[in-house]
Each structure stands twice: as structure tokens, then as C-alpha cells.
1. What spacing in nm lies between the two simple spin-label points modelled at E193 and M1, each 7 Å away from Cα in the Cβ direction?
2. State to the nearest 20 debye the size of the charge dipole of the chain about its Cα centre, where the only charges are +1 on K and R beta carbons and -1 on D and E beta carbons.
3. Once a ≥ b ≥ c are taken as the square roots of the eigenvalues of the Cα gyration tensor of segment 286-413, is the result rounded (a/c under 1.5), prolate (a/b larger than b/c) or oblate (a/b not larger than b/c)?
4. Treating only the Cβ of Lys, Arg, Asp and Glu as charged (+1, +1, -1, -1), what charge dipole size does segment 2-64 show about its Cα centre? Round to the nearest 20 debye.
5. Label 7 Å along Cα→Cβ of L66; segment 360-380 residues with amide nitrogen under 19 Å?
6. List the GluC sites (Glu not before Pro) within segment 343-380 that fall in a DSSP loop (any state other than H, G, I, E or B) and whose Cβ has at most 12 other Cβ atoms within 10 Å.
7. Kyte-Doolittle cut-off -1.0, length cut-off 24 Å along the helix's own axis using Cα: show which whole DSSP H helices in the chain pass.
8. So, taking all protein chains as they sit and a 1.4 Å probe, how much accessible area belongs to F381, in Å² rounded to tens?
Amino acid sequence: MGDIFKGTFIHTPQLGQLEIFSAQIKVINGVITEIIDKIPCTDHKGGFYIPGFVDAHIHAPQTRNLSLGLDKPLLQWLDSTTFPTESKFTGDDYLFYKQVVKQLVKNGTTTACYFGTIQNEANLALVQAIKDLGQRAFVGKVCMDSNSPQYYIESTDNSVASTLDFITNDIFKSTNLVKPIITPRFAISCTKELLKGLGKIAYKHDLPIQTHISENPDEVSFVKKLFPDSKDYLDVYDQASLINQRTLLAHAIYLSEDELQRIKASGCTLVHCPNSNFSLNSGIARTRDWLECGIKVALGTDVSGGSSLSMLNAIQTAILASKSINLLKDQNYKPLTPIEAFSLATLGGGTAIGNRNVGKFEVGMAFDALFVEYENPFQSFTQVEDSFYGFLYNGDDRHIKNVIINGRNIHFD
Ligand SMILES: [Zn+2]
């Protein structure tokens, strides 16, 4: 019974701790039930398995404006580029979404936390595309009832009602891999009433939550004006019961020390989106401080504030972002190591929400994996670790030979 995956495995059982071993991994119903003949290994034998990547923050519809408008800062970019794109999505976009999900899976994203749009028909088309391709995902119907263009806004009541419609849709009943996630866009585009309504739904239906926080200085000061009764940005969400151990907060660049301490206490996860933070000139997040504070951290592409849908790019830019702080601001700041960045892209996201057991190869975890073959084009490797670093820094989808989600090989045709 079950399947056996045999070969070299590379993962981080703990954050930043690399383990390489050869073994036979037995998988039944998508879950690792046994690891047989496990021995440490160093030799390069042509290929290795790593845990699949977890993109903890991506906007599926924005792939339509990938790389466009990135000369503008966040709030202008939303108005000029993103809102016009998102507003046009309909239930007919299934094939578009299927291409998006396929590209993500080909690039090694075995789990994605998606923002959709405000239109449920389009969001259901996205869910169907994910189900048909066999990806693991959380999908959010985006909610926005204020400070949004006339052509792309909903009333508070409609936003709450269509969130309820979305999360209770039968489409989620026939899958364990795709789940809904409560998704207020960000504080600027949501009234206090809407945020509170969404907090109640998340609690009642025991659902995870995703949103943005403290991404850009203009955004932060606008939020301050909009919510004078809140002591800071985090408090806006906290007052609406949206902050708990199943919450994903993207960006978090300008949080105060006090906010970081409260985030740590709440158990919610900060999602670092370095490509986006550079592309929209938002700022550089201090991920080392988050880790030292004991906060849970995941990585996201934030397409299309981020210009690449590859989590390898997220790993590379996370390392560069932390080096920029060291170079430009603070010589005592310790940059992320490649192993730590890899950890955030696998284990960090895999354990973020609390009900997902992916991101490392251990008994009881779901088996989501990539089989990678990477050769230095100029000189043969003798150590598998060297091939692994080559892939992290210089790899792409051509080196990902197999994608396995929940123990099943994903086929693209
Ligand atoms: Zn985003």
C-alpha cells in the first residue's frame, strides 16, 4: 500500500537548520507514514527532493498586469494599474486562472495563499482551476467597501454576504486541498463595520485570515487618519478580532516595536514580500528582527506588486533585502542566510496557518515535494549541497523535474 519515494532529501526540520539524507519515504493518502533507511548523505547523485514552496501572499488576478506600473508607489499603482485589471474579472476567467496556477506549480509553488477579486464568480473559477490542477491553496474573496474607485467597490452588507456565500460554497466540500480564507484587502479599503463583520465570520467558521499591513508610509498615515480610535495599524485589525494564530499579515515594514511584541503574543504570521517591497519602492522589512523576536515568518511573491511568480526569486530577494539593511543602515544587522530564506519559503509558510502540515519531510507531514536536478553549467558538482545552493541562487522552473502535491505527481498537459 502507498507509494515509495527514494533518493536524496534536503529540508530544514527547524528554521535555518539544513538536513540532507538519503532514504525511502513511504506515503499513504498523501501523508508521510514512514521514513526507511534514513542516513546522512553528502554525495551529488544527480537530483534531490526538497519540500514544495509555499507562496504565502499572491494576488492571482494581478498576473494580468505582471510587471506593469512598477514605477509608481503603492497607492498610485493600485489606482492606475491594479484596480482597473481586477475589476474586469468574471466567471469566464477559468482558463486564464488555470494558466496562472499551472505556471505557479511548474515553478514549484505547491501551496499558495491567493487573493482573488471582489467578484465571487471569478473567485470560484480560480478555486476550480486550482482543484483541477491539484494545487494546495487558500483562496480569499477580496473585501473592499471604502476608499476604492466607483467601478470597483461593494457595500458593507454585500461584502459580508458574498464572503459568506463564498466560504460556504459547495466547491470546497469535495476537496481537502483548497480552503477559503477571510480577506479584507487592507485597512484603507475597509470600514470598521466591514472589518468587524469579517472578524465574526472568521471566528464562527474557524477560518484563517489574510491581509496587508504597514506596507508604505503614505498608507500608514492614511490609516491613522481613517481610524483615530485605534492606537496603531495593528490595533485596527485587532479591534475587529482579525489577529490570531491563523492570520497572515503581508509586508509589515513600518510596524513599531510594540506592534511586533503584540504580533508575537498573538501567534500570527508576518509574510515578507521582498520583490514587491523593492519594486513598489515601499521599504525594506527587518526580517531578522522579526525572527529574533520569535515571530512566525513566511515568504510571498506578492504578484504583481512583486514582478516574479517564482519563490526562488522570493528567496533571492529576501537575502538581498536583508543584506541591503546590513550595507546601508546597520552593520550589526545579520543578513538572512540562504538556508534561512529557504526555510521561510518552505517550513515558514508551511506551518504558518496552523492547520497545514507541509514544509519538511517528517512522519505525519503531507508529502509536497519538488524533484530538482541542477548542474553547474561550467563544472560538475561532487557535493549535493553545492547543487542545492546552485538551484537556490541560479535555478528556475527548468530544473524542477517533478512536482508532487499530497503524494501525487502533478501532470501539466
Ligand atoms: Zn499584496
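1. Going from the E193 label point to the M1 one covers 5.5 nm.
2. 400
3. On the way: a/c = 1.77, a/b = 1.24, b/c = 1.43.
Taking the square roots of the gyration eigenvalues as a ≥ b ≥ c, segment 286-413 is oblate.
4. In debye, rounded to 20, segment 2-64 gives about 140.
5. none
6. Counting only loop positions with at most 12 other Cβ atoms within 10 Å, the GluC sites (Glu not before Pro) in segment 343-380 are E362.
7. The qualifying helices are 311-328.
8. Probe radius 1.4 Å; accessible area of F381 about 40 Å².
The values are calculated or read from the model by the stated rules, or taken from the named source; none is laboratory data. Everything numeric here is computed off the predicted structure, so don't read it as measured data. Positions of Cβ are generated from backbone atoms using ideal geometry, with glycine treated the same way; all protein chains shown enter the neighbour counts. Accessible surface is based on the protein model in full, side chains and every heavy atom, while ligands, DNA and RNA are left aside. Shrake-Rupley method; radii C 1.70, N 1.55, O 1.52, S 1.80 Å.
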